[in-house]
Amino acid sequence: MTLKKTRIFTHEHIDEIIEALQKGELAALPTETVYGLAANIENEEALRNIFLVKGRPSDNPLIVHVASVQKAKEYVKEMPLLAEKLYEAFAPGPLTLVLEKNEKISSFVSAGLSTVALRIPAHPLFLKILEKGNFALAAPSANLSGLPSATTAEHCLQDLQGKISYILDGGPSSIGLESTVVRIAPPYVDLLRPGNISSDQIKSFLLNYDQKFQEQYIFRDLSKKHLSSQEAPASPGMKYRHYAPKGRVFAYSLQTLDFFSFEKAILEEAEKKKSPLHVGILLSKEKEKETLSSFCAFVEKINEKNETMVLKSKLFFEAKNESPVLSASRSLYASLKAMDEQGMDCLFFPFFEETALAEAYHNRLYKACGLEEKNV
Ligand code: TXA
Ligand code: MG
């Protein structure tokens, strides 16, 4: 790959970016979930470059982004009524539907599967590019494979500098976690990846839909299959380690504030490093005092014999007037990256009560820990 001069562009340069995409260049573009590394789906070399640039395994298919349901129909064998109604309810937005593809979708996009994942993103700049360009763009998250996803233009630059020419700055992603991926394979509706649109929302949508249209779909949550599962995963992306920074991530309970269960793992890390571990913690402002007093008691206990761990970084996740889970979701990747930059060996991140809102945050956090699910 030849070295490219990477520049961050603003909305004034949209036409230039559309032209570049039309010619087969890659561009990192903002979406409401995370930034995407976009390529024109009609250009095979551009598609191949996505895998090269990211270091992405070739058996992991790409999400195709389109401006409308009408455009989505160009790429599927058939658009089931349920899919159309789901898009009506949730698109443009963080919902990706997996449907039977037609011959317009190359095997680079589908990674050899018979299906294609389609999403209508809500970010105004991405939508404008799709509308003006009148094309479909394949776009995985704009990070190097395995690292936390990029939620700002700056983060795209960190991962992709020298590898692509165009990054479009559309501000920080408002949701911060990737879209909900749902496969429609009648009679099944399978949740493949949780996202901002929760499984409860999909389930209650289905209940109403079935009643209204006299159909009977069966909902399955396939997102919780373990990494070690012998079965082929429904979504190839699920089998890879994801969202992981260089340091080791630990998920602590915001309810119990129990840190002592990490003792063994911390001692293992200390044994590897030989010098004091630098540790960081993501905190709730509201519970700062209790959390730090519990955490410091833990650090003291670990340090009884010699200096094993030093608290070096404290970050907060809450934004004003917002549910804590949503703020934590928005800042998860940025906080993981920030602590990595600060050189933390161990990163402590909170988990919440198991609510629909927390589903996607927990899924990504446990993956960053190297766990598919809690307690695995
Ligand atoms: O929010 C998002 O979805 C972001 C933004 C950029 O739109 N994109 C994103 O793409 O997260 P990526 O490539 O990082 O994740 C796509 C996921 C992977 O887990 C992949 O395996 C799954 O979607 N996927 C794609 N096509 C599929 C298909 N045909 N069948 C099953 N899973 C599919
Ligand atoms: Mg990704």
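The values are calculated or read from the model by the stated rules, or taken from the named source; none is laboratory data. This is a predicted model, so every value here is computed, not measured. With ideal geometry, Cβ positions are generated from the backbone for all residues, glycine too; neighbour counts draw on all protein chains shown. Note: areas computed on protein heavy atoms with side chains; ligands, DNA, RNA excluded. Shrake-Rupley method; radii C 1.70, N 1.55, O 1.52, S 1.80 Å.
Worth pointing out:
- Extension gain, SER253 to ARG48: 0.36 nm times the residue separation minus the Cα-Cα distance gives 69.6 nm.
- Each of the peptides 342-348, 84-90, 151-157 was scored by the mean count of other Cβ atoms within 10 Å over its residues; in descending order, highest first, they stand as 151-157, 342-348, 84-90.
- Amide H partners (placed H, <5 Å) of LEU277, local residues excluded: MET309, VAL310
- Highest-first arrangement of 284-296, 359-371, where packing means the average Cβ count within 10 Å: 359-371, 284-296
- Averaged over its residues, the chain has an accessible area of 45 Å² per residue, based on protein heavy atoms and a 1.4 Å probe.
- Taking every Cα-Cα distance in the chain and sorting them into 20 Å bins from zero, the calculated P(r) comes out as 28, 55, 16, 0 percent.
- Straight Cα distances below 12 angstrom link LYS203 to the aspartates and glutamates ASP190, ASP221, with same-chain residues fewer than 8 positions distant left out.
- Anchor LYS274: lysines whose Cα lies under 20 Å away (excluding residues fewer than 8 positions away in-chain): LYS246, LYS264, LYS301, LYS305, LYS312
- Relative to the Cα centre, the charge distribution of the chain, modelled as +1 at Lys and Arg Cβ and -1 at Asp and Glu Cβ, gives a dipole magnitude of about 560 debye.
- When peptides 113-119, 269-275 are ranked by their average number of other Cβ atoms within 10 Å per residue, the highest-first order is 113-119, 269-275.
- DSSP beta bridge pairing in the chain, given as percent antiparallel to the nearest 5: 35
- Applying 0.36 nm per residue to the separation of GLU103 and LEU3 and subtracting their alpha-carbon distance, the gain on full extension is 32.6 nm.
- Contour excess over end-to-end distance, with Cα ends at SER114 and GLU353 and 0.36 nm allotted per residue: 82.3 nm
- Modelled spin-label separation between GLN161 and ASP200, with each label point placed 7 Å from Cα along the Cα-to-Cβ direction: 4.3 nm.
- The GNM of the chain, with springs linking C-alpha atoms under 10 angstrom apart, assigns the highest mean-square fluctuation among GLN70, GLN214, GLN161 to GLN214.
- The mean sequence separation of alpha-carbon pairs under 8 Å and at least six residues apart, normalised by the residue count of region 1-132, gives a relative contact order of 27 percent.
- Under 5 Å between amide hydrogens, built in the peptide plane, is the criterion, and for VAL76 it picks out ASN102 among residues at least 5 positions away or on other chains.
- Fraction of accessible area attributable to carbon and sulfur, the chain (%, probe 1.4 Å): 50
- Cα→Cβ-extended label distance, 7 Å offset, between ALA319 and HIS13, nm: 2.5
- Label zone at LYS77 (point 7 Å along Cα-to-Cβ), backbone N below 18 Å, region 186-200: 186-190
- Distances between placed amide hydrogens fall under 5 Å for ASP221 paired with LEU191, all partners being 5 or more residues away or on another chain.
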